[in-house]
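First the structure, in the form of structure tokens, and then the observations on it.
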Amino acid sequence: MSAEYQDKWITCTADAIEIRGYYFPWGTKHIPYDSIRSVERVSLGAFTGRGRIWGTAHPGRWANFDPRRPSKTVGFDLNLGGSVEPLVTPDDPETFERALRNHIDPSLVRAGSRRSKLA
């Protein structure tokens with residue numbers, strides 16, 4: 001299966017998003033595109049998720065392992081309809097978003113804002 005987007009931690013395939021390092025210690029989360037209810041592009045800052053390399057300080061968000069997250073400014077909240085939303089920080093946000101839009105209704109992807117609950 002070829003990847004439409006891939007970096008060390010995130011792969012967008014024809015069927016799903018694969019998030020490596022999501023489960024302890026290195027488990028991969030598979031998210032079929034049809035299970036995504038919405039995607040919010042968010043700005044990361046010092047107090048809004050950028051300093052979180054893995055896990056969460058907020059029970060409603062979970063960030064996969066990404067040791068480069070402190071140098072990134074853009075993330076994506078994936079609403080799957082459950083009580084926890086994955087937060088991913090792709091190396092190339094524009095290409096990642098384009099890959100998502102190829103598989104889900106583009107109206108499900110929206111620009112967000114900096115949110116303190118990402119920390």
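The values are calculated or read from the model by the stated rules, or taken from the named source; none is laboratory data. Here the structure is a predicted model, which is why all the values come from computation and not from measurement. Cβ placement follows ideal geometry from the backbone for every residue including glycine, while neighbour counts extend to all protein chains displayed.
Numbers for the structure displayed
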quantity	calculated
Count of the stretch 85-119 residues which are within 15 Å of residue 72 (Cβ to Cβ) and modelled with pLDDT of 80 or more	11
Filtered residues of the stretch 93-114 (kept if of a type in the set (A, V, I, L, M, F, W, C) and assigned to a strand (DSSP E or B))	109, 111
Scope the stretch 67-82; condition more than 17 Å from residue 21 (Cβ to Cβ), in contact (Cβ under 8 Å) with a residue 24 or more places away in the chain and assigned to a loop (DSSP other than H, G, I, E, B); matching residues	73, 80, 81
Sole exception among (1) in contact with a strand residue (DSSP E or B) (Cβ under 7 Å, 6 or more places away or on another chain); (2) exposed (fewer than 13 other Cβ atoms within 10 Å of the Cβ); (3) not in a strand (DSSP E or B) for residue 90, by number	(2)
